[in-house]
Structure formats: structure tokens, C-alpha cells
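Working notes, beginning with the structure itself.
The values are calculated or read from the model by the stated rules, or taken from the named source; none is laboratory data. Predicted, not measured: the structure shown is a model, and the values here were computed from it. All Cβ positions, glycine included, derive from the backbone under ideal geometry; neighbour counts span all protein chains shown.
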Amino acid sequence: MRAITKQGNGGYHLNQSHANPPTTPQQATSRWSSFSHKAAVQQSILNEQYQLCCYSEMRSDEEGLGYHIEHVENKSQNPARTFDYRNLAASALDSSNDLAAFKAQGHEVFGGHAPGKRDSVDLARFVSCHQLDCRRYFAYLSDGRVVPAGNLNAQEQDRAQYTIDLLNLNSPYLITRRRQWWDELDQLFQEHQTKGWSLPDLASIDLLPRNERLSRFFSLTRQFFGQLAEHTLQQHAPGLV
């Protein structure tokens with residue numbers, strides 16, 4: 001999970017709504033449903049996320065899917081943050097167009113639409129994408145799974161596993177996509193080594209933004225390349241470190 005740095009405030013209409021925030025879950029649901037400026041807010045959020053899903057780091061647009069505006073602290077649990085831009089992120093799967101088709105294909109939903117996340121969240125255990133050190137809680141395996149990082153203490157391991165389960169980050173769909181991505185990186189890495197091609201150039205392709213977008217599964221790619229990734233980011237994109 002990549003830490004997201006909030007930029008701006010989401011615009012005039014969002015801030016007007018936040019100036020008089022809802023006080024009950026019912027008000028939050030009703031007012032958010034009738035808020036007619038979601039598209040502009042979502043675009044601002046996606047820009048600061050480099051088009052990556054806030055939880056899975058999937059590029060929904062490359063999968064023929066959309067995004068939805070995610071309330072990191074659920075509206076039902078904290079109605080006052082319904083229009084708080086600092087509480088908003090963009091998560092994979094458009095609420096209106098993707099969910100039915102995704103489920104019809106036999107896929108499990110994940111991220112902000114995962115059943116656990118839509119219910120009650122233990123915020124003391126949940127690792128948020130707005131938490132500056134969220135990246136250190138997770139490790140990515142070559143078989144496509146995401147697991148708690150190995151250098152965590154017991155409490156941190158519990159938080160990482162709780163978040164993985166809550167968001168269904170090891171759904172078969174995501175495991176398959178991450179495994180395919182790892183295999184692609186590994187194949188290219190081996191080819192570059194064999195042929196003496198530039199490994200820094202290879203790392204740069206999928207670690208540096210292009211047209212204000214990052215390649216899918218940024219944190220997995222960063223882990224795959226290790227110190228080479230850190231050097232590349234420090235030299236060319238220190239804002240992503």
C-alpha cells in the first residue's frame with residue numbers, strides 16, 4: 001500500500017458541504033448520494049494517487065474498470081468526515097457500473113467495496129492509505145499474495161493482517177494480477193541481466209510517473225527492485241519516496 005499525500009482541498013462544492021457536516025449516518029448517506037460534484041472530486045483524488053487504487057494499487061483504467069470515491073473512515077462510523085477531503089480516496093470498482101458485472105464473472109470484490117470494509121472498521125487496527133508509513137506494513141510475494149512484512153512486532157503484524165483481510169487484498173483476482181506482474185518483471189529482469197542491458201533503465205520504466213500516472217502495483221515493483229528502486233526514486237522522483 002502506497003502512502004497518499006493529500007493535495008488541495010477537493011474544491012469549492014466539497015468544502016461548502018463540509019462546512020456543515022452531517023451528524024448522523026442517515027444524513028451522511030442521504031447527503032452524499034445527492035452530492036452532484038463527485039466526478040470533479042474523484043478526478044482530483046486520482047491525480048494525487050497517480051491513477052492507482054488507494055488500497056490495491058491496481059490501475060482500474062487498464063483493466064476496463066472504474067473507481068469510486070472511498071471514505072477511509074466510513075460515513076456510518078464518522079458522519080462528520082463525509083465531505084472531508086482528507087478522508088477521501090479513490091478505490092477500484094465503480095459503484096454504479098462495475099460491481100454487478102464483476103460479481104457476475106465470479107470475482108470477489110475488494111478494497112473499499114469489500115464486505116468487511118463496508119461494515120464496521122476497527123480504526124485502531126486498520127492501516128490507512130493516508131498513514132505516512134503504511135508501506136512498511138506489507139510485503140509482496142512472487143505467488144501474488146500480500147502478507148504482513150517480516151520486520152513487524154506482534155501488534156503491527158496484527159494490524160497488517162487485519163487490513164489485508166478487511167480489504168480482501170488477497171482476493172483471487174488480485175493474486176492473479178500481482179503474480180502476472182511479478183512474472184513479467186522477473187522475465188524482463190533476467191533478460192536484461194543476460195543481455196547486459198541497463199537495469200536502472202528497466203526499473204525506471206515502471207517506477208517513474210508517465211503522464212502523471214504510475215504503473216500498476218507500484219509498491220510491489222519497488223520491493224522487487226530493492227535498492228535499485230530506492231536509488232532510482234531518490235534520483236528522479238524524490239517526492240515518491
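Report yes if some residue within the stretch 212-226 is touching a residue at least 60 places away in the same chain (Cβ under 8 Å) and of a type in the set (Asp, Glu); otherwise report no.
yes
Any idea which of (1) closer than 24 Å to ARG213 by Cβ; (2) part of a loop (DSSP other than H, G, I, E, B); (3) in contact with a helix residue (DSSP H, G or I) (Cβ under 6 Å, 6 or more places away or on another chain) is the one CYS54 doesn't satisfy?
(3)
Working only within the stretch 1-50, note down all residues that are part of a helix (DSSP H, G or I), under 22 Å from LEU167 (Cβ atoms) and among the small types (Gly, Ala, Ser).
Within the stretch 1-50, just ALA28 meets the criteria.
Within the stretch 59-93, count every residue that is surrounded by 17 or more Cβ atoms within 10 Å (Cβ to Cβ) and of a type in the set (Asp, Glu).
Looking only at that region, the number is 3.
Consider the stretch 57-75. How many of its residues are part of a loop (DSSP other than H, G, I, E, B) and touching a Cys at 6+ places or on another chain (Cβ under 8 Å)?
Count: 2.
Output the number of the condition that GLU108 fails; it satisfies all remaining conditions of (1) modelled with pLDDT under 95; (2) surrounded by 16 or more Cβ atoms within 10 Å (Cβ to Cβ).
Of (1) modelled with pLDDT under 95; (2) surrounded by 16 or more Cβ atoms within 10 Å (Cβ to Cβ), only one is false for GLU108: (2).
So which pairs qualify, if the first residue must be in the stretch 6-26 and under 29 Å from GLY239 (Cα atoms), the second must be of a type in the set (D, E, K, R) and not in a loop (DSSP other than H, G, I, E, B), the Cβ gap must be under 6 Å, and the two must be at least 6 apart or on different chains?
Qualifying pairs under 6 Å: LYS6/ARG86; GLN7/GLU48.
Given (1) of a type in the set (Gly, Ala, Ser); (2) at pLDDT 95 or above; (3) surrounded by fewer than 17 Cβ atoms within 10 Å (Cβ to Cβ); (4) under 23 Å from ASN87 (Cβ atoms), where does ALA154 come up short, assuming only one miss?
Tallying (1) of a type in the set (Gly, Ala, Ser); (2) at pLDDT 95 or above; (3) surrounded by fewer than 17 Cβ atoms within 10 Å (Cβ to Cβ); (4) under 23 Å from ASN87 (Cβ atoms), ALA154 fails exactly one: (4).
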